[in-house]
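Undergrad: Pasting a structure here, questions to come.
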Amino acid sequence: IGLLIFVGSRCRDNSSPPRTGRTAEAPARDTREIERALAPAQEAEAREGVAAAIVIDVSGSMDDRVTDAAGRRARKIDVARRAARDLVAQFATYASAHPGETVSLGIFEFSRREGQADCRPIIPMGPPNPSKADEALARLDPEGGTPIGQAMITAKLALDATGLSRRHLLLVSDGENTDGYPPDEVAAAIAKRPDAEKPSIYFVAFDIEARRFNGVRDAGGLVLSASNAKELNEALDALIQGKILLEK
């Protein structure tokens, strides 16, 4: 199994209207399109180890503010940046303590922007490197819409390419999908994939009601909530220590 980690935002309406997002009036999407998108381009060699994808929402509302660990108002993107740095450090510590185990970590950003892919790797899957991660995370800039479903697909395919046995896709979001595939439909389609491909899906609802992601929960994902920096860090630590980096 694996884990999908998603860091996201509520996305205020500061971008162009959704072009492909589902609305209340829209007909149900042909899920075969999602199923085709989830199929790996080629089968990777299976091997033991842990792979995790941290997917960070950099849409426009990540410029909004929440309470940080010091009780001050801070931009959500800065809170998420610090939380992601802590996660990378935990993975690096684990890798150092388990030299015989393959550990692969990737960091992705996602938003709907003209001329760019919806989900973009800022650190490709590979050994955790805190220095490299610090440089990449410093460049995060909030803008655009929120294509959650496509971000899940991109991260899932990156995990597939590692061939590692324990796959984790971590998703933290304070917002609902505004563009592209609905995340509940993507989660349901992932649940139908062969067991070797399935990542465990975890959403942290950041500054938004967790019930907004009931569809992901119903498809087998775990949804946690966090309203500020302290709660976000606690939720992520619980996932990392209690679900991902467990002693075998």
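The values are calculated or read from the model by the stated rules, or taken from the named source; none is laboratory data. Keep in mind that this is a model prediction, so the values were computed, not measured. As a convention, Cβ positions derive from the backbone with ideal geometry for all residues, glycine included, and neighbour counts pool all protein chains shown. These area figures cover heavy atoms from the full protein model, side chains too; ligands, DNA and RNA do not enter into them. Shrake-Rupley method; radii C 1.70, N 1.55, O 1.52, S 1.80 Å.
Undergrad: Out of the residues in the stretch 96-119 that are closer than 21 Å to Lys132 by Cβ and free of Cβ contacts under 8 Å to residues at least 24 places away in the same chain, which is most open to solvent (accessible area, probe 1.4 Å)?
TA: Of the residues in the stretch 96-119, the ones closer than 21 Å to Lys132 by Cβ are 96-99, 101-110, 117, 119.
Restricting the remaining residues to those that are free of Cβ contacts under 8 Å to residues at least 24 places away in the same chain gives 96-99.
Values: Ser96: 95, Ala97: 70, His98: 39, Pro99: 115 Å².
Out of the qualifying residues, it is Pro99.
Undergrad: Shifting gears a bit: Name the helices (runs of 4 or more DSSP H) wholly inside the stretch 145-234 in which the number of residues that are over 23 Å from Ala39 (Cα atoms) is 2 or more.
TA: On the way: elements: 148-162, 183-191, 214-218.
Where helices (runs of 4 or more DSSP H) fall fully within the stretch 145-234, none carries at least 2 residues being over 23 Å from Ala39 (Cα atoms).
Undergrad: Now for a different question. Just name the residue that is modelled with the lowest pLDDT out of those in the stretch 154-184 that are over 27 Å from Glu234 (Cβ atoms) and charged (D, E, K, R).
TA: Per the stated criteria, the residue is Asp179.
Undergrad: Of the residues in the stretch 115-137, how many are more than 18 Å from Ser61 (Cβ to Cβ) and of a type in the set (Asp, Glu)?
TA: Selection size over the stretch 115-137: 2.
Undergrad: Check the stretch 118-140 and report whether any residue there is within 27 Å of Ala189 (Cβ to Cβ) and assigned to a loop (DSSP other than H, G, I, E, B).
TA: yes
Undergrad: Enumerate the pairs (first residue in the stretch 184-209 and open to solvent by less than 30 Å² (accessible area, probe 1.4 Å); second residue anywhere and β-branched (Val, Ile, Thr) and assigned to a loop (DSSP other than H, G, I, E, B)) with beta-carbon separation below 8 Å, excluding pairs fewer than 6 apart on the same chain, so at least 6 apart or on different chains.
TA: If the second residue must be β-branched (Val, Ile, Thr) and assigned to a loop (DSSP other than H, G, I, E, B), the pairs left are Pro199/Ile1; Ser200/Ile1.
Undergrad: Please count how many residues of the stretch 31-62 are at pLDDT below 95, of a type in the set (A, V, I, L, M, F, W, C) and assigned to a strand (DSSP E or B).
TA: Residues that pass the stated criteria total 3.
Undergrad: Of all residues in the stretch 138-172, count the ones that are open to solvent by less than 20 Å² (accessible area, probe 1.4 Å), among the β-branched types (Val, Ile, Thr) and more than 16 Å from Met62 (Cβ to Cβ).
TA: Residues flagged as open to solvent by less than 20 Å² (accessible area, probe 1.4 Å), among the β-branched types (Val, Ile, Thr) and more than 16 Å from Met62 (Cβ to Cβ) within the stretch 138-172 amount to 2.
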